[in-house]
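The values are calculated or read from the model by the stated rules, or taken from the named source; none is laboratory data. Small disclaimer: the values here were computed from a predicted structure and weren't measured. Every residue, glycine as well, gets a Cβ built from its backbone with ideal geometry; the counts of neighbours run over all protein chains shown. The accessibility values were calculated without ligands, DNA or RNA, using every heavy atom of the protein model including side chains. Shrake-Rupley method; radii C 1.70, N 1.55, O 1.52, S 1.80 Å.
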Amino acid sequence: MVAMPLNEPQYDDPRKLRALLDKVVNLADDHRLTSVLVGMSGSEGDLIFPEVVDFVGSALRMDDAIFRMTRNRAVLFLADADRQRAQEIVERVMDAFAEQFATSESPAVGISYFQVAPGMERLTLKTILPLLFACAKDCH
């Protein structure tokens with residue numbers, strides 16, 4: 001008999017990230033909507049970060065999405081928002097997480113933003129991901 005580990009982390013299919021990026025670019029080009037990609041990262045071994053990602057995912061609007069890359073990295077897509085609005089949304093959701101999940105410390109989450117506006121050059125994951133995860137913790 002083989003024992004199956006409980007709570008095995010689930011990561012999204014990489015093809016889903018490509019589809020998400022295509023959606024962002026198409027919204028900008030076809031509908032003239034500005035959107036924001038948000039890189040969220042936690043430190044290696046952080047037990048709270050996956051909970052933060054789940055909480056953020058549950059707080060999203062219908063048009064928004066989250067992509068879980070690894071246990072300590074996620075990409076959040078906020079449709080029809082500029083960078084300032086995206087920052088307000090993320091701060092509000094992070095404050096709500098802190099209120100609902102009492103921990104001894106606030107979660108250390110690195111956050112960076114990339115605004116996608118109409119008329120931008122075609123974006124690729126190869127160019128976007130390093131920008132979203134280049135910052136150290138608490139990159140705003």
Legend entry - Whichever residue in the range 18-47 is among the β-branched types (Val, Ile, Thr) and modelled with pLDDT under 90 and, among such residues, is nearest to Gln84 (Cα to Cα): Val24
Inset, instruction - For the range 29-41, indicate whether the set of residues that are without any contact (Cβ under 8 Å) to a residue 12 or more places away in the chain, open to solvent by 10 Å² or more (accessible area, probe 1.4 Å) and not in a loop (DSSP other than H, G, I, E, B) is non-empty. - result: yes
Legend entry - Options Asp64, Asp80: the member that is in contact (Cβ under 8 Å) with a residue 12 or more places away in the chain and at positive phi: Asp80
Inset, instruction - Take the range 57-83 and flag every residue that is assigned to a helix (DSSP H, G or I) and surrounded by 14 or more Cβ atoms within 10 Å (Cβ to Cβ). - result: Gly57, Arg83
Legend entry - Residue check, Gly45 within 24 Å of Tyr11 (Cα to Cα) and surrounded by fewer than 20 Cβ atoms within 10 Å (Cβ to Cβ): yes
Legend entry - Residue selected from the range 93-128 under the condition without any contact (Cβ under 8 Å) to a residue 40 or more places away in the chain and either open to solvent by less than 70 Å² (accessible area, probe 1.4 Å) or assigned to a helix (DSSP H, G or I) (or both), by the criterion farthest from Gly39 (Cα to Cα): Glu99
Inset, instruction - Could you tell me whether the range 84-92 includes any residue that is open to solvent by less than 20 Å² (accessible area, probe 1.4 Å), outside any strand (DSSP E or B), closer than 24 Å to Pro14 by Cα and among the β-branched types (Val, Ile, Thr)? - result: yes
Inset, instruction - Read through the list (1) open to solvent by 20 Å² or more (accessible area, probe 1.4 Å); (2) closer than 23 Å to Glu99 by Cα; (3) assigned to a helix (DSSP H, G or I), then give the number of the only condition that Val52 fails. - result: (1)
